[in-house]
1. Tell me the per residue accessible area of the range 205-408 using a 1.4 Å probe; a whole number in Å² is fine.
2. So if I place +1 on the C-beta of Lys and Arg and -1 on the C-beta of Asp and Glu, and nothing else carries charge, what would the dipole magnitude of the chain be about its Cα centre? I want it in debye, nearest 20.
3. Considering only Cα-Cα distances, which of the following residue pairs are longer than 31 Å: Lys153/Lys180; Lys180/Lys372; Lys288/Lys379?
4. Which whole-angstrom value gives the distance between the alpha carbon centres of the range 244-292 and the range 363-384?
5. Give me a comma-separated list of calculated 3J(HN,Hα) values for the range 275-280, in order, Karplus coefficients 6.51, -1.76, 1.60 applied at θ = phi - 60°, integers in Hz, x for any Gly or Pro.
6. When the helices in the chain are scored as -39500 (n - 2.57) per DSSP H run of 4 or longer and the sum is shared across all residues, what 222 nm value do you end up with, to the nearest 500 deg cm²/dmol?
7. Taking all protein chains in place and a 1.4 Å probe, what share, in percent, of the accessible surface of the chain do carbon and sulfur account for?
8. Would you mind calculating the relative contact order of the chain from Cα pairs under 8 angstrom and at least 6 residues apart, reporting the percent as a whole number?
Amino acid sequence: MKRKWDLKRLIFNISSLVDLGQEVTSSKGFNEKMKTTLYVVTGMFSVPKAALFVYDSNHHRLELLTYKGLREIDGISLYIKARHTKTFNKNEPHNIDEIRNNSFYEHNNNAFKKLRTKTFIPLFAKDEFVGAITLGKRLVRASYLQSEKDVLKVVANQMAITLHNSSLFKKLTAKVSENKGLYENMRHIYHDTIQAFAAAIDAKDAYTKNHSYRVARYAVAIAEELEWKEKDVEGIYVAGLLHDIGKIIIDSKVLNKSEGLSLTEMSEIKRHPHISYDILSKIRFPWKDVAHFVRHHHERVDGKGYPDSLTGTDLSEGMKILALADAFDAMTTDRPYRKKLSLTEALHEVKKCLGTQFDSRISNVFFRVLQKESKGETKEAQILPHLDKDFDPAIIITLLEGIIAELSA
Ligand SMILES: [Fe+2]
């Protein structure tokens, strides 16, 4: 009879082990997984009260992770010195009487009583102490057979590995978030440096104070309206800030000349997108196409732009955005050779140049952004705040409505 019972028990234990294997490898959340695993163990050995602890080596404590059948033990923890962990047999059940004379027991006397501990199983993954299980009184015989102890050891080993993997995962997650913080920091430094560069470029040309910054903001507004990915938006922002970097090596006298430029001077100025490209293409930016956007910010859709007279599909969306943003800012700010246009005049000018200088689709998007900003429909306006306030929003809204309706007809 006894033999038969043991056989049944053994089959039950083996099937529980299979369940346990499935639990440990399942995709459940870690805490849920450990809770179910503990429940399987308590079922296997007929122990109604049990608790699982995870080791916090920094604070020398075993912290409660999950439990079954116990009351008012939330937040309970066991104090354990590193040297105590060396006194245990790895993953083997210890009768509480075996450790009663140990100072580990003395330190945690009350906790063990609350936990109704009869058996203590220290959990080790390889040689590392990772946690512990406390088991209460069994419903069947009090002690464990050797075969049961063997099974318990296998189970403890599996739980220890799961705990260990989880702590590795946590450490990894902490590392990733630490790296993310560092990356964010570097990004800020990077942005500040680029911003400083842009200010240096604009400082060289007396008429273009903050030009690069405004071009960057306008380009971002268009790219966002086109629902570009965040990283690509960042790329065009940087391209906007640096698009005129090539002007750094062009003679200031030529850049700031108020009378008509000679052909030589004109071609000198026209070198700047190419020089900008030469400088930027040597930098490994984390954003794609920055140097290309910059190189082609003076191209036109009719192929009459420079430096490469690109047209059609050779012009990417980014190039066309930057070209429009740059030209629009040039129109709405004073230049050595002419006074700025009013917003109404500039909008008419953009409209007039659709299909020749500017891409119609990109311009339409630009008009839409301006319309939303004029109506106060955007979270943060990126174009209007940089323009002179000498316009009537109602007139601009009507004008934009007309242009947009005409373009979509
Ligand atoms: Fe330029």
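The values are calculated or read from the model by the stated rules, or taken from the named source; none is laboratory data. Quantities reported herein were computed from a predicted structural model and do not represent experimental measurements. Cβ placement follows ideal geometry from the backbone for every residue including glycine, while neighbour counts extend to all protein chains displayed. All accessible areas refer to the heavy atoms of the entire protein, side chains included, with ligands and DNA or RNA removed. Shrake-Rupley method; radii C 1.70, N 1.55, O 1.52, S 1.80 Å.
1. Computed with neighbouring chains in place, this is 48 Å² per residue.
2. Details: 62 positive and 53 negative charges, 690 e Å.
Dipole magnitude for the chain comes out near 3320 debye.
3. Lys153/Lys180; Lys180/Lys372
4. The range 244-292 and the range 363-384 have Cα centres spaced 30 Å from each other.
5. The phi angles translate into 5, 4, 4, 4, 5, 6 Hz.
6. -17500 deg cm²/dmol
7. Within the chain, the accessible surface is 54 percent carbon and sulfur.
8. 10 percent
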